[in-house]
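Chemist: Supplied in structure tokens, the structure appears directly below.
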Amino acid sequence: MCGIVGAVSKSNIVPMLIDGLKRLEYRGYDSAGVAIVRDNEIERKVNVGRVADLEADIDFDRFKASTGIAHTRWATHGGVTRDNAHPHISQNNVAVVHNGIIENHHELREELMSKGYSFYSQTDTEVIVNKVDDFINHGDDLLAAVQKTIKLLKGAYALGVICLSEPGRMIGARSRSPLLVGVKPGEAYLGSDMSALIAVTNKFMVLEDGDIVDINQGQVTIYNNQDQLVERDVKTSSLSANAIELGDYHHYMQKEIFEPGQAIADTLEGRISANSVLEQSFGHDAAEIFDRVEAVQIIACGTSFYSGLVARNWFEKFGVRCDVEIATEFSSRAHVVPANALVLTISQSGETIDTLTALDKAKQQGYRYSLTICNAAESSLVRASDLVFMTHAGPEIGVASTKAFTTQLAALLLLAIVLGRRKLLDQTTEAELVNELRSLPGKVEQALSQDKEIQKLATRFVDKNHALFLGRGLHFPIALEGALKLKEISYIHAEAYPAGELKHGPLALVDSQMPVIAVAPNNDLLEKIKSNIQEVRARGGQLIVFADQESGMDADAGIEVIKVAPVDDTISPIIYVIPLQLLAYHVAVIKGTDIDKPRNLAKSVTVE
Ligand code: F6R
């Protein structure tokens, strides 16, 4: 949610800032802007729309500087207008980029107005830039002015700040929103994540909550929230600039739907032996903690929440008590905390503020241990958790999550196995499951080979405004995920129901205009879902069924069957989600939507 990039160098940083913004654009794409310290002014260029629109407005021969900040926005306070676009500027003296929300901006605005400051935007950010300017006017240097300002802020922020009177200096600060410092001899950068900086450096430091960084002529100094000097480790990012290139694909989402074979193989690598799961892959203290765990509470949002819903089936089948809740709902109520409970967060980005807040709440309420399954090393969730299991999906750029989901499921099955072996899971079953997990990359390729068939099917959705997804048991969350993908990128209203619930209400929606997508693998619920499919057919619903080749289901009037290669029941959700991702993708291609950046959404949701 909003992307920040900043640079202090000896050479011109404008091309780097624009490149960084393009790489961060998945975080927010309502408007974009850049501010540089140049001659006797801070010059600012902003535009609504995409980074490409901003770039088209810049005269690169003239607009040059060695210090600058840039931003791509996902609107929170104030509409999508040029005035609301960042960087924000005060008295041609200070410029600020901000990610997060300042809750007490009204009070600060009134106080600044009483001092004669006027405001041109509706953003909460403008109070920050004016407050920094106010302190500078009272004699503070840039660092002291930012230190004093952030002590007044309530809410969440990552900031990059520059000022006219100190060219070659940039201050960064963070509280509950991510910010990294990229380093290179004589140069330093700020970035919301490493994708922004990887083209210029792979060395970086992670700012901790409350940290302020002073980048002065390439020298980097960090202070904690007590204004004490602190050291933060310089790390090496494993991200490669190419990993975020599109290659031959048309969209990142398409690329990412096609990547899970490798991503799952990477996620399993070093985590399984011939017959068992290696539990030390969950961390040093994992065995000791897992021996005590009596219950698991999963907290997550969106697609990550749905992977938790699938996993609950595995945990409970193996004898491990498990609850799953949407993070914001978890935070909204009191809990009876089971003894020795493990709170498990699942997140692609590791920066979803709702999940972070729920984790805080869980700790306060007495959950004893925490584990995160996450795709972003060095993220806030990773740092806030006792145990960490990294999915190795690689960068996911498309806003709609795809390969992160499949790798989360693989990771969750590994966890269910290591906890389950302390309860009902025997060694033989564990060995069988490990074998099935190992076979996953090949099965993923089989599922992907149906791409063309699914592309044809997608034409049926072009004139549809609604769709119903049905699943049962392990596959109800897959139906939920299929519906979420379709609505996110094609803007077709899609709802998922447990198939057995159809007759309790949603059947009233079914007519010849309603596509009904059923996930019907060959398991002990097959006969039941077949009955539900008949209920739909009897009412003229247009059925598309994803079924096992051996399920005995064939195409007929009003029913299209996509046959999925046989797969073991436990791992089947990881395979069945792939055709649903492909379906959503192809429908969106036909509808001509902005697939990688669907309207109103952003990849990393760092505001509450
Ligand atoms: C859906 C999607 C979102 C995310 C959700 C959680 O395609 O991308 O629903 O799954 O915002 O994000 P993470 O996993 O980063 O915590």
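Chemist: Which one is farthest from the ligand (Cβ to nearest atom) among residues in segment 394-408 that are within 17 Å of A265 (Cα to Cα) and at pLDDT below 95? Give the derivation first.
Modeler: Within segment 394-408, the first condition is being within 17 Å of A265 (Cα to Cα), and the residues that meet it are 394-396, 402-408.
From the residues that got through so far, the ones that are at pLDDT below 95 too are 394-396.
Values: G394: 14, P395: 12, E396: 8 Å.
For segment 394-408, the residue satisfying everything is G394.
Chemist: Still on this model: For segment 168-189, check the following and say yes or no: at least one residue is of a type outside the set (D, E, K, R), on the phi < 0 side of the Ramachandran plot and over 31 Å from the mean Cα position of the chain (by Cα). Steps first, answer last, please.
Modeler: Residues of segment 168-189 of a type outside the set (D, E, K, R): 168, 170-173, 175, 177-183, 185-186, 188-189.
Still in the list and also on the phi < 0 side of the Ramachandran plot: 170-173, 175, 177-183, 185, 188-189.
When the remaining residues are screened for being over 31 Å from the mean Cα position of the chain (by Cα), the result is 185.
Yes - at least one qualifying residue is present in segment 168-189.
Chemist: If you don't mind, another one. Going by what's in this entry, would V310 be described as more than 12 Å from the ligand (Cβ to nearest atom) and under 27 Å from I397 (Cα atoms)? So that I can check it myself, show each step before the final result.
Modeler: Details: more than 12 Å from the ligand (Cβ to nearest atom): yes; under 27 Å from I397 (Cα atoms): yes.
In short, yes.
Chemist: A further question on this structure: Test D354 against the stated conditions and say whether it is within 11 Å of the ligand (Cβ to nearest atom), surrounded by fewer than 24 Cβ atoms within 10 Å (Cβ to Cβ) and of a type outside the set (A, V, I, L, M, F, W, C). Break it down into steps so the answer makes sense when it comes.
Modeler: Details: within 11 Å of the ligand (Cβ to nearest atom): yes; surrounded by fewer than 24 Cβ atoms within 10 Å (Cβ to Cβ): yes; of a type outside the set (A, V, I, L, M, F, W, C): yes.
Here the answer is yes, as D354 does meet what is asked.
Chemist: Given the residues R312, R333, which is the only one that is basic (K, R), free of Cβ contacts under 8 Å to residues at least 60 places away in the same chain and within 26 Å of A483 (Cα to Cα)? Outline the logic, then answer.
Modeler: Details: R333 fails: within 26 Å of A483 (Cα to Cα).
After ruling out the rest, the residue left standing is R312.
Chemist: In addition: On the given criteria, is K530 in a helix (DSSP H, G or I) and under 25 Å from N313 (Cα atoms)? Before the answer, list the steps.
Modeler: Working: in a helix (DSSP H, G or I): yes; under 25 Å from N313 (Cα atoms): yes.
Answer is yes for this residue.
Chemist: Within segment 533-549, track down each residue that is in contact with a strand residue (DSSP E or B) (Cβ under 7 Å, 6 or more places away or on another chain) and either surrounded by fewer than 17 Cβ atoms within 10 Å (Cβ to Cβ) or assigned to a helix (DSSP H, G or I) (or both). Talk me through it step by step, then tell me what you get.
Modeler: Taking segment 533-549 first, the residues in contact with a strand residue (DSSP E or B) (Cβ under 7 Å, 6 or more places away or on another chain) are 533, 536-537, 541-549.
I533, V536, R537, Q549 - these are the residues of segment 533-549 that are in contact with a strand residue (DSSP E or B) (Cβ under 7 Å, 6 or more places away or on another chain) and either surrounded by fewer than 17 Cβ atoms within 10 Å (Cβ to Cβ) or assigned to a helix (DSSP H, G or I) (or both).
Chemist: Of everything in segment 276-304, what is touching a Ser or Thr at 6+ places or on another chain (Cβ under 9 Å) and more than 19 Å from A384 (Cα to Cα)? Give them in sequence order.
Modeler: Of everything in segment 276-304, those that are touching a Ser or Thr at 6+ places or on another chain (Cβ under 9 Å) and more than 19 Å from A384 (Cα to Cα) turn out to be G302, T303.
Chemist: While we're on this one: When you scan segment 51-77, how many residues do you find that are over 17 Å from A602 (Cα atoms) and part of a strand (DSSP E or B)? I'd like the intermediate steps shown before the answer.
Modeler: Our first condition is that a residue be over 17 Å from A602 (Cα atoms); within segment 51-77, this holds for 52-70.
Those left that are additionally part of a strand (DSSP E or B): 67-70.
Total satisfying the criteria: 4.
Chemist: Something else: Being closer than 27 Å to S401 by Cβ, surrounded by fewer than 24 Cβ atoms within 10 Å (Cβ to Cβ) and not assigned by TED's automatic domain parsing to the domain that holds A483 narrows it down to one residue among V336, V343, V324, V296; which is it? Before the answer, list the steps.
Modeler: Working: V336 fails: closer than 27 Å to S401 by Cβ; V343 fails: surrounded by fewer than 24 Cβ atoms within 10 Å (Cβ to Cβ); V296 fails: surrounded by fewer than 24 Cβ atoms within 10 Å (Cβ to Cβ).
Going through V336, V343, V324, V296 in turn, just one is closer than 27 Å to S401 by Cβ, surrounded by fewer than 24 Cβ atoms within 10 Å (Cβ to Cβ) and not assigned by TED's automatic domain parsing to the domain that holds A483: V324.
Chemist: Further, regarding this structure: Only one of S11, S90 is under 25 Å from Q217 (Cα atoms) and surrounded by fewer than 18 Cβ atoms within 10 Å (Cβ to Cβ); which? Please lay out each step first, then the result.
Modeler: On the way: S90 fails: surrounded by fewer than 18 Cβ atoms within 10 Å (Cβ to Cβ).
Among S11, S90, only S11 is under 25 Å from Q217 (Cα atoms) and surrounded by fewer than 18 Cβ atoms within 10 Å (Cβ to Cβ).
Chemist: Among the residues in segment 285-301, are any of a type outside the set (G, A, S), within 16 Å of the ligand (Cβ to nearest atom) and closer than 30 Å to V589 by Cβ?
Modeler: Yes, because at least one residue in segment 285-301 is of a type outside the set (G, A, S), within 16 Å of the ligand (Cβ to nearest atom) and closer than 30 Å to V589 by Cβ.
Chemist: Hey, any hits in segment 586-594 for a residue that's at pLDDT 90 or above, away from the ligand (no atom under 16 Å from the Cβ), assigned to a loop (DSSP other than H, G, I, E, B) and small (G, A, S)?
Modeler: Residues of segment 586-594 that are at pLDDT 90 or above, as a first pass: 586-594.
Okay, now just the ones that are also away from the ligand (no atom under 16 Å from the Cβ), so 586, 589-592.
Remaining after also requiring assigned to a loop (DSSP other than H, G, I, E, B): 592.
When the remaining residues are screened for being small (G, A, S), the result is 592.
Taking every residue of segment 586-594 in turn, at least one turns out to be at pLDDT 90 or above, away from the ligand (no atom under 16 Å from the Cβ), assigned to a loop (DSSP other than H, G, I, E, B) and small (G, A, S).
Chemist: Condition (residue is in a loop (DSSP other than H, G, I, E, B) and surrounded by fewer than 24 Cβ atoms within 10 Å (Cβ to Cβ)) applied to segment 148-155: is it met by at least one residue?
Modeler: Here is the first cut: in segment 148-155, the ones in a loop (DSSP other than H, G, I, E, B) are 153-154.
When the remaining residues are screened for being surrounded by fewer than 24 Cβ atoms within 10 Å (Cβ to Cβ), the result is 153-154.
Scanning segment 148-155 turns up at least one residue that is in a loop (DSSP other than H, G, I, E, B) and surrounded by fewer than 24 Cβ atoms within 10 Å (Cβ to Cβ).
Chemist: Does K203 qualify as being crowded, with 19+ Cβ neighbours inside 10 Å and of a type in the set (K, R)? Spell out the reasoning first.
Modeler: Values: crowded, with 19+ Cβ neighbours inside 10 Å: no; of a type in the set (K, R): yes.
No.
Chemist: Additional query: For segment 368-383, give me each residue that is more than 11 Å from the ligand (Cβ to nearest atom), modelled with pLDDT of 95 or more and either assigned to a loop (DSSP other than H, G, I, E, B) or not hydroxyl-bearing (S, T, Y) (or both). Write out each step before concluding.
Modeler: Filtering segment 368-383 down to residues more than 11 Å from the ligand (Cβ to nearest atom) leaves 368-371, 377-378, 382-383.
Next, only the ones that are modelled with pLDDT of 95 or more stay: 369-371.
Once the filter is applied, which keeps residues that are more than 11 Å from the ligand (Cβ to nearest atom), modelled with pLDDT of 95 or more and either assigned to a loop (DSSP other than H, G, I, E, B) or not hydroxyl-bearing (S, T, Y) (or both), segment 368-383 yields only L371.
Chemist: I would also like to ask the following. Determine which single condition D426 fails, assuming it passes every other condition in (1) without any contact (Cβ under 8 Å) to a residue 60 or more places away in the chain; (2) within 13 Å of the ligand (Cβ to nearest atom).
Modeler: Tallying (1) without any contact (Cβ under 8 Å) to a residue 60 or more places away in the chain; (2) within 13 Å of the ligand (Cβ to nearest atom), D426 fails exactly one: (2).
Chemist: Does A496 count as buried (at least 17 other Cβ atoms within 10 Å of the Cβ) and either within 16 Å of the ligand (Cβ to nearest atom) or touching a residue at least 60 places away in the same chain (Cβ under 8 Å) (or both)? Break it down stepwise before answering.
Modeler: Working: buried (at least 17 other Cβ atoms within 10 Å of the Cβ): yes; either within 16 Å of the ligand (Cβ to nearest atom) or touching a residue at least 60 places away in the same chain (Cβ under 8 Å) (or both): yes.
Spelling it out, A496 is indeed buried (at least 17 other Cβ atoms within 10 Å of the Cβ) and either within 16 Å of the ligand (Cβ to nearest atom) or touching a residue at least 60 places away in the same chain (Cβ under 8 Å) (or both).
Chemist: Same structure again: Answer yes if at least one residue in segment 29-52 is among the hydrophobic types (A, V, I, L, M, F, W, C), surrounded by fewer than 18 Cβ atoms within 10 Å (Cβ to Cβ) and without any contact (Cβ under 8 Å) to a residue 40 or more places away in the chain, and no otherwise. Before you say what the answer is, go through the steps one by one.
Modeler: Of segment 29-52, the ones among the hydrophobic types (A, V, I, L, M, F, W, C) are 32, 34-37, 42, 46, 48, 51-52.
Now restrict to residues that are surrounded by fewer than 18 Cβ atoms within 10 Å (Cβ to Cβ): 52.
After this cut, where a residue has to be without any contact (Cβ under 8 Å) to a residue 40 or more places away in the chain as well, the list is 52.
So far as segment 29-52 goes, yes, one or more of its residues are among the hydrophobic types (A, V, I, L, M, F, W, C), surrounded by fewer than 18 Cβ atoms within 10 Å (Cβ to Cβ) and without any contact (Cβ under 8 Å) to a residue 40 or more places away in the chain.
Chemist: Let me ask something else. For segment 316-362, give me each residue that is of a type in the set (K, R) and within 26 Å of the chain's Cα centre (by Cα). Steps first, please.
Modeler: Initially, segment 316-362 is screened for residues of a type in the set (K, R), giving 317, 321, 333, 361.
Of everything in segment 316-362, those that are of a type in the set (K, R) and within 26 Å of the chain's Cα centre (by Cα) turn out to be R333, K361.
Chemist: While we're on this one: Any idea how many residues of segment 184-236 are of a type in the set (S, T, N, Q), part of a loop (DSSP other than H, G, I, E, B) and under 12 Å from V8 (Cα atoms)? Steps first, please.
Modeler: Step one: list which residues in segment 184-236 are of a type in the set (S, T, N, Q), which gives 192, 195, 201-202, 216-217, 219, 221, 224-226, 228, 236.
From what is left, the residues that are part of a loop (DSSP other than H, G, I, E, B) are 192, 201-202, 217, 224-226, 228.
Remaining after also requiring under 12 Å from V8 (Cα atoms): 217.
Number satisfying all stated conditions: 1.
Chemist: Sort out which residues of segment 495-506 are closer than 16 Å to K530 by Cβ and more than 33 Å from the chain's Cα centre (by Cα), and write them in order of number.
Modeler: K503 - this is the single residue of segment 495-506 that is closer than 16 Å to K530 by Cβ and more than 33 Å from the chain's Cα centre (by Cα).
Chemist: Go through segment 563-608 and give me each residue that's without any contact (Cβ under 8 Å) to a residue 12 or more places away in the chain and more than 30 Å from G100 (Cα to Cα).
Modeler: In the first step, residues of segment 563-608 are kept if they are without any contact (Cβ under 8 Å) to a residue 12 or more places away in the chain; the result is 592, 594, 600.
Matches in segment 563-608: G592 only.
The values are calculated or read from the model by the stated rules, or taken from the named source; none is laboratory data. Computed from a predicted structure; not experimentally measured. Counting neighbours? That spans all protein chains shown, and the Cβs are built from the backbone with ideal geometry, glycine included.
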